[in-house]
1. Going through segment 90-135 one residue at a time, which ones are among the small types (Gly, Ala, Ser), more than 13 Å from the ligand (Cβ to nearest atom) and part of a loop (DSSP other than H, G, I, E, B)?
2. Please work out which residue is farthest from SER285 (Cα to Cα), limiting yourself to segment 412-427 and to residues that are within 12 Å of the ligand (Cβ to nearest atom), assigned to a loop (DSSP other than H, G, I, E, B) and over 15 Å from the mean Cα position of the chain (by Cα).
3. Inspect all residues belonging to segment 315-331 and state whether any of them is within 30 Å of LYS266 (Cα to Cα) and modelled with pLDDT of 95 or more.
4. Take GLU290 and decide whether it is open to solvent by 40 Å² or more (accessible area, probe 1.4 Å), over 30 Å from ALA380 (Cα atoms), more than 16 Å from the ligand (Cβ to nearest atom) and in contact with a strand residue (DSSP E or B) (Cβ under 9 Å, 6 or more places away or on another chain).
5. For segment 20-46, give me each residue that is open to solvent by less than 20 Å² (accessible area, probe 1.4 Å), in contact (Cβ under 8 Å) with a residue 24 or more places away in the chain and either farther than 25 Å from HIS481 by Cβ or not β-branched (Val, Ile, Thr) (or both).
6. Only one of GLN381, GLN388 is touching a Leu at 6+ places or on another chain (Cβ under 8 Å), surrounded by fewer than 17 Cβ atoms within 10 Å (Cβ to Cβ) and not hydroxyl-bearing (Ser, Thr, Tyr); which?
Amino acid sequence: MTDLHRLSIRELSEGLAGAKFSSRELTEHYLKRIAKIDAQVQSYVTVTAEQALAQADAADAAIKAGNATSLTGVPIAHKDIFCTQGIKTTAGSKMLDNFISPYDATIVAKGKAAGLVTLGKVNMDEFAMGSTSESSYFGATKNPWALDHVPGGSSGGSAAAVAADLAPFSTGTDTGGSIRQPASFCGLTGLKPTYGRVSRFGMIAYASSLDQGGPIARSAEDCAYLMNVMAGHDAKDSTSVNKDVDDYVANLNGTSVKGLRIGIPKQYFNVHGLDADVKARVEESLKKLEEMGATLVEIDLNMTEAYVPTYYLIAPAEASSNLSRFDGVRYGYRCEDPKDIMDLYKRSRSEGFGKEVQQRILIGTYALSAGYYDAYYVKAQKVRRLIQQDFLKAFENVDVIAAPSAPTTAYRIGANLSPVEMYLGDIYTIAVNLAGLPAINAPVGFDKDNLPVGLQLIGNYWSESQLLSVVHQYQQATDWHTKRAAIAEENA
Ligand code: GLN
């Protein structure tokens, strides 16, 4: 079969179970595509062909022996922020260019236990700080829809790999939008789960109180399959919550759009810099949901203006603390010929970290320093609580909240936005992380340059099933999620 990359996860699952094709055939098919097409997209940092084929053979044996899960033999790409035993884990940084983890992240281990085949590790902004994937030490990943544009970030490699059909689905992480925004820029579905739903063990920390892993895939249905693997309590992550996990696949039709109350935040649709095409596509998608029986309810989210400053204090503050472990001593990059211990620290860190990361370490350290701690960090934490309360109040009256995922479509590579311009692009995603809520991006059309536009639906805590289900209903009634970039149509 030459079009295995066009099959959905359910079709792959059924095809493998029904012996229509083997995991080896499927894995070889993807490896061939990566070898041929990824030179243009540059989504992979590491391709693990040999290991993938061994996993595929083991999967085929398990299927024959009747020991398969619904995902046994299905390939996946992991964001290079998740530790993989015996395989390089870089977090997009020179600092970790030589880091081979001695253990697997929990979500990687769970994937292996479910029989998933790891194709490799995909590119990202350095330490997940960014919105374009350009800050990666390994160079910029390209947007499959327009190769001179960015795929978004920080999970840009995860999104680009799926959009170019170089992996059927992938893992990402979202600290302030890094699953939803690249999914939006690449015309994909991506879910950021409730904080604590997915284990952070073995996921290199950026801002620990905001970080959350989740799936990037073509459809809500595909995301549901991966959520069934990723979600759940993990004793190795103290912030992981011990709460029953839904069967996200079984629940795909569990929520009816009929009668669904969708909150439309007044403040969100007048944001400076909201692109006219993005606004129009998002409004059209809401109209469609209305036709399907939803009720649109105008709501107030009064704290909108505080999102960017609050996030850009808390995230760098936590990052400055988390990244202090990269000191050139125990692992990671170490400078040549250090004169003394201070020289070792200083040069290892200034040579090992890129510019954006250094900037954030400086801002975060400043915000946490004695004398400024109360004025910046503590104040930001208080505002964070107000932002959360704003959402909770809204959820008294609505089931989900709608917003664009990003004010624009994908930027041009090298657009060189100032940090402030870049940070303002996160306006629609970061509050969700500050509040710890789940949210999903769904593709809803294209702008005048044929770049994808995404709708974001934000849910109340633990409403992943509901979000996936609503998007699934929408995707049953529309076909935006089936559109493919020209490069994805290329055969290997
Ligand atoms: N763009 C945001 C930032 O740079 C979000 C990144 C993320 O979610 N990892 O912090």
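The values are calculated or read from the model by the stated rules, or taken from the named source; none is laboratory data. Nothing here was measured: the structure is a model prediction, and the numbers come from that model. Note that we place each Cβ from the backbone using ideal geometry, even for glycine, and neighbour counts take in every protein chain shown. Heads up: the accessible areas ignore ligands, DNA and RNA and are worked out on the full protein's heavy atoms, side chains in. Shrake-Rupley method; radii C 1.70, N 1.55, O 1.52, S 1.80 Å.
1. Passing the criteria: SER93, SER101, ALA105, ALA114, GLY115.
2. By that ranking, first place goes to LEU417.
3. yes
4. Details: open to solvent by 40 Å² or more (accessible area, probe 1.4 Å): yes; over 30 Å from ALA380 (Cα atoms): yes; more than 16 Å from the ligand (Cβ to nearest atom): yes; in contact with a strand residue (DSSP E or B) (Cβ under 9 Å, 6 or more places away or on another chain): yes.
Answer is yes for this residue.
5. Correct list: SER23, LEU26, TYR30, ARG33, ASP38, SER43.
6. After ruling out the rest, the residue left standing is GLN388.
Residues checked against (1) outside any loop (DSSP other than H, G, I, E, B); (2) surrounded by 24 or more Cβ atoms within 10 Å (Cβ to Cβ):
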{"site": "ASN397", "(1), (2)": "no, no"}
{"site": "ALA410", "(1), (2)": "no, yes"}
{"site": "ASN441", "(1), (2)": "yes, yes"}
{"site": "ALA488", "(1), (2)": "yes, no"}
{"site": "ALA492", "(1), (2)": "no, no"}
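To keep it simple, each residue is scored yes or no on (1) over 11 Å from GLY172 (Cβ atoms); (2) more than 13 Å from the chain's Cα centre (by Cα); (3) aromatic (Phe, Trp, Tyr).
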site: GLY190; (1), (2), (3): no, no, no
site: TYR195; (1), (2), (3): yes, yes, yes
site: PHE201; (1), (2), (3): yes, yes, yes
site: ALA207; (1), (2), (3): yes, yes, no
site: GLY214; (1), (2), (3): no, no, no
site: ALA217; (1), (2), (3): no, no, no
site: ALA220; (1), (2), (3): yes, yes, no
site: ALA224; (1), (2), (3): yes, yes, no
site: HIS233; (1), (2), (3): yes, yes, no
